[in-house]
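The values are calculated or read from the model by the stated rules, or taken from the named source; none is laboratory data. All values reported here derive from a predicted model rather than from experimental measurement. Cβ placement follows ideal geometry from the backbone for every residue including glycine, while neighbour counts extend to all protein chains displayed.
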Amino acid sequence: MLSFSAAALGLNLGAAPAPIVSRAAVSMGPIRVAVVGGGPAGACAAEIFAQAPNIECTMFERKMDNCKPCGGAIPLCMVEEFSLPPDIVDRRVRKMKMISPSGREVDVGRTLKEDEYIGMLRREVMDKYLRDRAVQFGATPVNGLVQKVEFADTDGPYTIKYTKYEEGTPKGTPAEAEFDIIVGADGANSRTAKAIDAGEYNYAIAFQERIKIADEKMAYYEDLAEMYVGDDVSPDFYAWVFPKYDHVGVGTGTVVNRPAISEYQAAIRERCAEKLGPDPKVMKVEAHPIPEHMRPRRVVGRVALVGDAAGYVTKCSGEGIYFAAKSGRMAAQEIVALTAGGSRLPTEQEIKDTYLKKFDQKYGPTYLVLDILQKVFYTNNGAREAFVDMCASDYVQKVTFDSYLYKKVQGNNPLDDVKLLFNTIGSVIKGNAIASPDKTFSNPVESLKRL
Ligand SMILES: Cc1cc2nc3c(=O)[nH]c(=O)nc-3n(C[C@H](O)[C@H](O)[C@H](O)COP(=O)(O)OP(=O)(O)OC[C@H]3O[C@@H](n4cnc5c(N)ncnc54)[C@H](O)[C@@H]3O)c2cc1C
């Protein structure tokens with residue numbers, strides 16, 4: 001199964017600049033890299049470091065069977081790019097139902113080709129697979145909760161203080177170790193980000209229930225997911241029903257009115273109640289913050305943040321799994337190349353000029369477009385009605401799916417773009433005519449909280 005080679009993973013070991021930073025330990029032994037966090041960002045970084053010459057990679061994970069609260073939707077391109085085996089994808093969704101505030105349903109998916117789909121998976125399954133793969137490539141796993149990252153100056157070495165857990169013993173013991181490079185992949189509540197004073201970000205709270213439903217009700221969700229919009233289910237996001245292998249995930253999220261998240265969850269449960277049947281069984285309730293934008297500082301010294309720790313979730317879709325895996329891999333590839341075969345340590349500026357520059361160039365437009373779409377279409381019921389109305393267009397469906405599935409900002413048919421503009425105006429007028437006004441709310445203190 002592990003058929004990756006260094007070339008296939010994009011390692012470019014010969015292309016680094018001449019050594020300018022060195023330390024005794026580089027000539028004495030391998031460069032010590034710590035990856036903090038074993039989610040998609042951490043595991044995908046660790047597997048690159050593990051295969052690089054003269055680099056020792058330690059991957060810290062506080063909970064080896066962690067079950068990250070998540071909808072678990074991934075784009076098609078991730079399956080191939082990250083060589084995910086088919087059996088870790090629970091469902092291949094080929095139909096989406098968009099449901100407006102007034103209950104109008106629009107079916108999306110008819111433009112998909114036969115082999116195209118959105119993957120639905122359980123995070124505990126995917127994360128374990130990626131972690132195990134990193135370990136098979138040579139990363140050293142440490143079951144430990146990183147408590148502190150200390151350094152005398154930004155040049156390191158860095159001391160990681162952590163609580164180490166042994167199998168079968170619930171109580172951990174304090175431990176510490178020194179590293180030359182750290183990749184912070186420890187999610188939205190990142191301690192690595194705090195240690196380097198990476199700056200705060202605003203965040204959404206997302207809530208999800210895993211619900212077991214009767215087989216005949218599950219058959220409806222066989223290859224179908226639903227997205228609900230309306231100020232009853234979220235004032236600034238969407239609510240979802242995503243199918244998993246033997247249950248559905250039903251959830252919602254919000255930034256602007258986080259204290260009301262359970263009211264919004266109750267509303268989505270009400271809206272999909274009939275489809276879930278008379279006896280839905282809640283197996284698990286989960287909630288977690290989702291970053292709203294990138295941290296002000298993502299690289300400090302030789303510490304680089306990736307995934308949610310850096311803030312790489314897109315607005316509008318709330319997607320972060322692919323960007324976490326991709327940023328972990330990209331950061332590791334660039335750092336490995338900069339070490340010139342493990343013979344030198346990179347500088348902060350070099351990491352910024354490579355990893356950050358390339359990531360921002362590649363995905364900056366995607367973040368921008370989705371940010372604008374969220375502001376335009378998720379802020380009032382009239383705009384939400386218009387959004388669902390527009391989803392009936394084949395052109396909108398094709399552009400949306402192509403952008404999501406392949407991670408490129410699409411849309412280059414000028415004639416269709418002009419038609420779309422007029423249709424958008426028509427949809428907004430129509431939407432405003434039928435929509436009920438959004439409820440008002442106020443939470444001046446809580447809404448200022450940042451992560
Ligand atoms: C309810 C919800 C639904 C979502 N749905 C989707 C979706 O459908 N599709 C999508 O693409 N994205 C979705 N997201 C976003 C997605 O979950 C994240 O963007 C993604 O998990 C980020 O991956 P990561 O590796 O950066 O961080 P995480 O997945 O958070 O992984 C961080 C890892 O680090 C470990 N860790 C944390 N702190 C420490 C520490 N101090 N020491 C050691 N280990 C530590 C954790 O145990 C964890 O394993 C959703 C998020 C939420 C909350």
I'd like to verify a number: residues in the range 255-280 that are surrounded by fewer than 24 Cβ atoms within 10 Å (Cβ to Cβ) and under 15 Å from ALA206 (Cα atoms), how many?
13
Looking at (1) more than 19 Å from the chain's Cα centre (by Cα); (2) within 24 Å of PRO40 (Cβ to Cβ); (3) β-branched (Val, Ile, Thr), find the lone condition where THR173 falls short.
(2)
So GLU270 ticks every box in (1) in a strand (DSSP E or B); (2) under 28 Å from ASN432 (Cα atoms) but one. Which box is left unticked?
(1)
In the range 297-314, what count of residues is obtained for those that are surrounded by fewer than 24 Cβ atoms within 10 Å (Cβ to Cβ) and more than 11 Å from LYS352 (Cα to Cα)?
1
Return the only residue of VAL125, VAL149, VAL135 being over 21 Å from the mean Cα position of the chain (by Cα), within 27 Å of GLU319 (Cα to Cα) and either part of a strand (DSSP E or B) or at pLDDT 95 or above (or both).
VAL135
Run down ASP360, ASP353 and say which single residue is surrounded by fewer than 16 Cβ atoms within 10 Å (Cβ to Cβ), of a type in the set (Asp, Glu) and under 19 Å from the mean Cα position of the chain (by Cα).
ASP360
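Identify, from the list LYS430, LYS375, LYS398, LYS419, the residue that is of a type in the set (Lys, Arg) and under 26 Å from HIS293 (Cα atoms).
LYS375
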Do we have any residue at all in the range 257-268 that's within 19 Å of the chain's Cα centre (by Cα) and more than 12 Å from the ligand (Cβ to nearest atom)?
no
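Considering only the range 57-108, how many residues are among the β-branched types (Val, Ile, Thr) and more than 30 Å from ASP438 (Cα to Cα)? Steps first, answer last, please.
Within the range 57-108, the subset among the β-branched types (Val, Ile, Thr) is 58, 74, 79, 88-89, 93, 99, 106, 108.
Add one more test, that the residue is more than 30 Å from ASP438 (Cα to Cα), and what stays is 58, 74, 79, 88-89, 93.
Here the count works out to 6.
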Of MET59, MET120, MET64, the only residue that is surrounded by fewer than 21 Cβ atoms within 10 Å (Cβ to Cβ), of a type in the set (A, V, I, L, M) and within 12 Å of the ligand (Cβ to nearest atom) is MET64
Between GLU200, GLU222, GLU166, GLU216, which is more than 15 Å from the ligand (Cβ to nearest atom), within 23 Å of the chain's Cα centre (by Cα) and either part of a strand (DSSP E or B) or surrounded by fewer than 18 Cβ atoms within 10 Å (Cβ to Cβ) (or both)?
GLU200
If I go through the range 301-321 residue by residue, how many of them are more than 6 Å from the ligand (Cβ to nearest atom), of a type outside the set (A, V, I, L, M, F, W, C) and under 15 Å from PRO40 (Cα atoms)?
2
Residues that are part of a helix (DSSP H, G or I) and among the aromatic types (Phe, Trp, Tyr), drawn from the range 43-61:
PHE49
Filter the range 152-163 down to the residues that are more than 20 Å from PHE49 (Cβ to Cβ) and at pLDDT 95 or above and list them by number.
LYS161, THR163
For the range 293-386, which helices (runs of 4 or more DSSP H) that fit wholly inside it have 1 or more residues that are hydroxyl-bearing (Ser, Thr, Tyr)?
321-338, 357-377
For the range 363-386, give me the residue count where each residue is farther than 17 Å from PHE401 by Cα, in contact with a helix residue (DSSP H, G or I) (Cβ under 8 Å, 6 or more places away or on another chain) and not small (Gly, Ala, Ser).
6
Do you know which residues across the range 169-193 are crowded, with 17+ Cβ neighbours inside 10 Å and within 10 Å of the ligand (Cβ to nearest atom)?
GLY184, ALA185, ASP186, GLY187, ALA188, SER190, ARG191, THR192
